[in-house]
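Each reported figure results from applying straightforward, stated rules to the coordinates on display, with no laboratory input. The shown structure was predicted, so the numbers you read here are calculated from the model rather than taken from an experiment. For neighbour counting, all protein chains shown are included, and Cβ atoms are generated from backbone atoms with ideal geometry for every residue, glycine included.
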Amino acid sequence: MAASRQPAVFIGHGSPMNTLEDNAWTRAWRGFGARVPRPRAVLCVSAHWYIGGAAVTAMPAPRTIHDFGGFPQALFEVQYPASGAPSLAAEVAGLLAPIEVQADMSWGLDHGTWSILAHVFPSADVPVVQLAIDRTRPDSYHLEVGRLLAPLRDDGVLVMGSGNTVHNLGLADFGATEPFDFTVRFDEHVQRALDGRDDDALVAYRDHPDGLLAAPTPEHYLPLLYVAGARHDDDELTVLTDGYAAGSLSMRSVVLA
């Protein structure tokens with residue numbers, strides 16, 4: 001049977017506590033997982049694997065990484081025992097050639113990946129591979145890598161980016177009930193660029209008046225570029241979640257399918 005074309009999806013993951021919570025965002029993630037054709041694997045670009053090179057997890061049984069501190073013990077006890085997919089890791093490296101992609105055997109699944117997949121595929125029965133974000137590359141590189149990975153979608157691979165379109169923890173106010181003005185302005189700018197297929201605007205996010213306030217460090221924004229790059233010409237864009245947390249986090253998630 002031919003593999004079903006898979007979506008490309010960007011998830012605004014927010015706090016790792018979303019792993020344990022039942023809220024509008026996590027319910028939407030669960031609904032997405034229930035609707036999507038079953039993939040042969042997930043390829044995730046997580047904000048939390050941001051390193052000085054290109055790498056892909058290549059182990060058959062990736063560990064669950066608890067890459068955070070100060071949260072309840074219940075969160076540290078979460079395990080997401082999905083298998084890896086060494087063959088997919090090799091496919092990714094082949095698609096990205098001549099970029100040298102390290103076959104990583106030590107990382108695993110960080111919370112940018114498993115906090116979402118614990119809701120999307122709660123049985124952990126879909127293999128998962130992570131692709132690192134190479135911090136040494138220009139912003140345009142990340143969009144181009146997404147374009148190179150787009151064929152995987154037609155071979156049953158769900159391409160997922162995990163971050164936040166707006167992520168400024170330095171200004172976060174966890175008691176805030178309304179977002180800051182810059183949060184809304186930049187988040188709406190991103191949505192307009194996605195709606196208009198304006199990849200140049202997405203790549204040049206630093207040029208927006210609120211860009212460096214919305215993304216003072218790039219790692220949570222860049223996963224969006226991989227998903228935008230993996231867009232097919234006939235994809236329709238739908239908003240899976242929106243809203244804000246702590247004043248300075250956008251919880252926008254979008255699906256391209």
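Given the conditions (1) among the hydrophobic types (A, V, I, L, M, F, W, C); (2) assigned to a helix (DSSP H, G or I); (3) touching a residue at least 60 places away in the same chain (Cβ under 8 Å); (4) surrounded by fewer than 23 Cβ atoms within 10 Å (Cβ to Cβ), and given that Ala201 satisfies all but one, which numbered condition is not satisfied?
Single failed check for Ala201: (3).
Could you check region 155-187 and list, in sequence order, the residues that are closer than 22 Å to Trp114 by Cβ and either in a helix (DSSP H, G or I) or without any contact (Cβ under 8 Å) to a residue 60 or more places away in the chain (or both)?
Leu169
Taking only pairs six or more apart or across chains, which ones have beta-carbon atoms under 8 Å, a first residue in region 226-242 that is at positive phi, and a second residue that is outside any loop (DSSP other than H, G, I, E, B) and among the acidic types (Asp, Glu)?
Close Cβ pairs satisfying both conditions: none exist.
Considering only region 42-154, give the strands (runs of 3 or more DSSP E) lying wholly within it that have at least 2 residues that are over 19 Å from the mean Cα position of the chain (by Cα).
Because the criterion is at least 2 residues that are over 19 Å from the mean Cα position of the chain (by Cα), the strands (runs of 3 or more DSSP E) in region 42-154 that meet it are 102-104.
Check whether at least one residue in region 69-84 is surrounded by fewer than 20 Cβ atoms within 10 Å (Cβ to Cβ), among the β-branched types (Val, Ile, Thr) and under 22 Å from Arg231 (Cα atoms), and report yes or no.
Scanning region 69-84, I find no residue that is surrounded by fewer than 20 Cβ atoms within 10 Å (Cβ to Cβ), among the β-branched types (Val, Ile, Thr) and under 22 Å from Arg231 (Cα atoms), so the answer is no.
Taking only pairs six or more apart or across chains, which ones have beta-carbon atoms under 6 Å, a first residue in region 34-55 that is over 15 Å from Leu149 (Cα atoms) and touching a residue at least 60 places away in the same chain (Cβ under 8 Å), and a second residue that is basic (Lys, Arg) and surrounded by fewer than 18 Cβ atoms within 10 Å (Cβ to Cβ)?
Tyr50/Arg135; Gly52/Arg135
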